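Structure, as structure tokens:
The values are calculated or read from the model by the stated rules, or taken from the named source; none is laboratory data. It should be emphasised that the depicted structure is a prediction, and the values quoted were computed from it without experimental measurement. In this analysis, Cβ positions are derived from the backbone assuming ideal geometry, glycine residues included, and neighbour counts consider all displayed protein chains.
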Amino acid sequence: MQESIKNTLTEYLNKGSQVTIKLVNGGKLKKERLLPYMLVYRYASREDKSIRLVLGESSYIISPQTEEQDEETAQIIKYVSKEISQKVGAVMVLELWIGAEGSTDFTIFAPKDIVPSTVETSASGRSACSVPGTGWFCSGYGG
């Protein structure tokens, strides 16, 4: 991660204020305030309309889905997650992956040894995971 990005993130996370950073790789990081979550979306193309799922949110990082960018994006996610977790006690990183066209399921992937009850509760509570009018529901715990 570039030192300038790290310094900017540190400054804004310490203040708990809004930060928007255009990343060198063409991506973008946005935090409206110190929120205990961050959405992640790695796009194959800037024309990918699925990117709109994330752009309206208060806390996200979008990045090109390329091998050379994955390491930088992972470093930023790790750094921001660690800082937020230290300040508020926990953080949830939710990475969105777009499935095959026509798919109506989604799967939750998480380490089984880290707060499995939270994931299991989310997976078993279909009403908490369903999106009205879409047919989407949790297909299970893919730990």
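Tell me the residue from GLU57, GLU47, GLU83 that is closer than 20 Å to ILE5 by Cα and of a type outside the set (Val, Ile, Thr), please. Give the steps one after another, and end with the answer.
Details: GLU57 fails: closer than 20 Å to ILE5 by Cα; GLU47 fails: closer than 20 Å to ILE5 by Cα.
Result: GLU83 is the single residue among GLU57, GLU47, GLU83 that is closer than 20 Å to ILE5 by Cα and of a type outside the set (Val, Ile, Thr).
Yes or no: region 49-59 includes at least one residue that is under 14 Å from TYR79 (Cα atoms), in the same structural domain as THR8 (by TED's automatic domain parsing) and touching a residue at least 12 places away in the same chain (Cβ under 8 Å). First the steps, then the outcome.
From region 49-59, those under 14 Å from TYR79 (Cα atoms) are none; that's our starting set.
Looking for residues that are under 14 Å from TYR79 (Cα atoms), in the same structural domain as THR8 (by TED's automatic domain parsing) and touching a residue at least 12 places away in the same chain (Cβ under 8 Å), one finds none in region 49-59, hence no.
Give region 40-70 a look and list any residue that's of a type in the set (A, V, I, L, M, F, W, C) and under 16 Å from LEU9 (Cα atoms), or say none. Steps first, please.
Kept after step one, since they are of a type in the set (A, V, I, L, M, F, W, C), are these residues of region 40-70: 40, 44, 51, 53-55, 61-62.
Those that are of a type in the set (A, V, I, L, M, F, W, C) and under 16 Å from LEU9 (Cα atoms): ILE61, ILE62.
For SER17, indicate whether it is touching a residue at least 24 places away in the same chain (Cβ under 8 Å) and exposed (fewer than 14 other Cβ atoms within 10 Å of the Cβ).
Details: touching a residue at least 24 places away in the same chain (Cβ under 8 Å): no; exposed (fewer than 14 other Cβ atoms within 10 Å of the Cβ): yes.
No, not satisfied.
How about region 1-37: which of its residues are among the hydrophobic types (A, V, I, L, M, F, W, C) and part of a strand (DSSP E or B)?
Filtering region 1-37 down to residues among the hydrophobic types (A, V, I, L, M, F, W, C) leaves 1, 5, 9, 13, 19, 21, 23-24, 29, 34-35.
Hits for region 1-37 are VAL19, ILE21, LEU29.
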